[in-house]
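Got a structure here, written out as structure tokens. Questions coming.
The values are calculated or read from the model by the stated rules, or taken from the named source; none is laboratory data. Only a predicted model underlies this, so the values are computations on that prediction, with no experimental measurement involved. Glycine gets a Cβ as well: all are built from the backbone with ideal geometry, and neighbour counts include every protein chain shown.
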Amino acid sequence: MRAAEFFSGIGLVRMALENERWQVVFANDNDEKKFAMYQGNFGGTDFRHCDIQDITSESVPKVDLATASFPCIDVSLAGNRAGLAGKHSSTFWEFARILKGMASKRPRWVLLENVLGLLTSNEGRDLREILRTLNSLGYACDIVVVDARFFVPQSRPRLFIIGKPPIPNSNNGLLRTHLARPKAVVDFILKNPGLDWSISNLSPLNIKRETLSQLLERFPDSSSIWWGNDRKKHLYSQMNELHREKLQTIVRSQSDSFATVYKRIREGKCRAELRTDGIAGCLRTPRGGSSKQFVIQAGRGRWRVRNMTAREYARLQGAPEFTIDVPENMALLGFGDAVCVPAVQWVIRNCISSNGQIGLRNGKNSKAQALSDVASIRS
């Protein structure tokens, strides 16, 4: 089976596809730094390094699946919430343009990935328009939410939209809550009966992963990676009483344990927040340096702290063997803006490779009406 990967970043969707025995024959992204990482692992012969606006439908080969991890900044809860009209997330429409122009060679399946904020962006209108657009192109849809924490020790919930060939069945027996289809998703589906749905029969999501401690690299006391006292004291000063107490609890332990630290703006102040449950926070891009994660090792009356490494980022994204031959900050950017490989594999197995699905259609919104609605919103 052949796939095309849009907004490919460093290629972790490709890694997931190849792990599931798919062949990626076309890839596109316009980020030079991410392309350097992609090329170092997959080569560049099938990669178009350019803006998606410059991709024509004719230049995309015939494939069975098209994937798109389009920019999230305009639909993220931490972003500007400009939605599909925003400068970045509006690139979805370019992907839709390419699909529309592929006509007779249009892929059988489509897989979109984005942040959970897309579910509520513009009170659900943005997600609804994406689904209407896919319906208008001949796809029935499903939406699932998969958190990386089931596969790796990282909290990273992501929304996946799957476009499939429509089926005539109207039985809704498979539409029930699931760890990958929480109540918010079920409610969205039920509130939009005019869309064409194809609900996948999902297998159980069971936690099968290494612990955070197992994934972390080990460095000797003498390593320069550990922060000096002044930097440690500053980090401690950014913790509130709750997080200082968390730190002191693991410091008093008779054995070493690990925590992750992430800085957030709380009430206008930069706060350092600890996570001591053995799961790293969601990896992000380190633009400006404020979004890096840190690792604390504590126990037996002492604690020390360091930056999380690019290799640890790779492991937390389910890509432990990924070749890293670029500067550290470049690698952190690439992994922080990527997908979790085993989470994508689970979606592929359950929503694309699997045949267990049902359709939900009531015919209120015709294909022509969907196209008209999309055109009016974009104009």
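Would a scan of segment 224-243 turn up a residue that is touching a Pro at 6+ places or on another chain (Cβ under 9 Å) and hydroxyl-bearing (Ser, Thr, Tyr)?
Looking through segment 224-243, none of the residues is touching a Pro at 6+ places or on another chain (Cβ under 9 Å) and hydroxyl-bearing (Ser, Thr, Tyr).
Considering only segment 179-209, how many residues are surrounded by 13 or more Cβ atoms within 10 Å (Cβ to Cβ) and over 22 Å from Glu123 (Cα atoms)?
Result for segment 179-209: 9.
Next question, about the same structure. Pull out all pairs, ordered by first then second residue, where Cβ-Cβ is under 6 Å, the residues are six or more apart or on different chains, the first lies in segment 200-221 and is hydrophobic (A, V, I, L, M, F, W, C), and the second is assigned to a loop (DSSP other than H, G, I, E, B) and surrounded by 12 or more Cβ atoms within 10 Å (Cβ to Cβ).
Leu202/Ala180; Leu205/Leu179; Leu205/Ala180; Leu212/Pro153; Leu212/Gly278; Phe219/Ile225
Here's a follow-up. Among what's in segment 268-322 and is at positive phi and free of Cβ contacts under 8 Å to residues at least 40 places away in the same chain, pick the residue that is surrounded by the most Cβ atoms within 10 Å (Cβ to Cβ).
Gly289
Can Asn80 be described as over 30 Å from Val326 (Cα atoms) and modelled with pLDDT under 95?
Considered against the rule, which asks whether it is over 30 Å from Val326 (Cα atoms) and modelled with pLDDT under 95, Asn80 comes out as yes.
Continuing with this model, one more query. Among the numbered conditions (1) at pLDDT below 90; (2) among the basic types (Lys, Arg); (3) surrounded by 18 or more Cβ atoms within 10 Å (Cβ to Cβ), tell me where Arg132 comes up short.
Only one criterion is unmet by Arg132, namely (1).
Next up: Working carefully through the options Arg149, Arg125, Arg158, find the one that is assigned to a helix (DSSP H, G or I) and within 21 Å of Ile279 (Cα to Cα).
Only one candidate passes the filter, namely Arg149.
For every residue, the table says whether it meets (1) assigned to a helix (DSSP H, G or I); (2) touching a residue at least 12 places away in the same chain (Cβ under 8 Å); (3) among the polar types (S, T, N, Q); (4) surrounded by 15 or more Cβ atoms within 10 Å (Cβ to Cβ).
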site	(1), (2), (3), (4)
Ala3	no, yes, no, yes
Ser8	no, yes, yes, yes
Met15	yes, yes, no, yes
Glu18	yes, no, no, yes
Val24	no, yes, no, yes
Lys34	yes, yes, no, yes
Gly40	yes, yes, no, yes
Arg48	no, yes, no, yes
Pro61	no, yes, no, no
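Pick out the one residue from Lys263, Lys292 that is under 30 Å from Pro71 (Cα atoms), of a type in the set (D, E, K, R), modelled with pLDDT under 95 and in contact with a Cys (Cβ under 9 Å, 6 or more places away or on another chain).
Testing whether each residue is under 30 Å from Pro71 (Cα atoms), of a type in the set (D, E, K, R), modelled with pLDDT under 95 and in contact with a Cys (Cβ under 9 Å, 6 or more places away or on another chain) leaves just Lys263.
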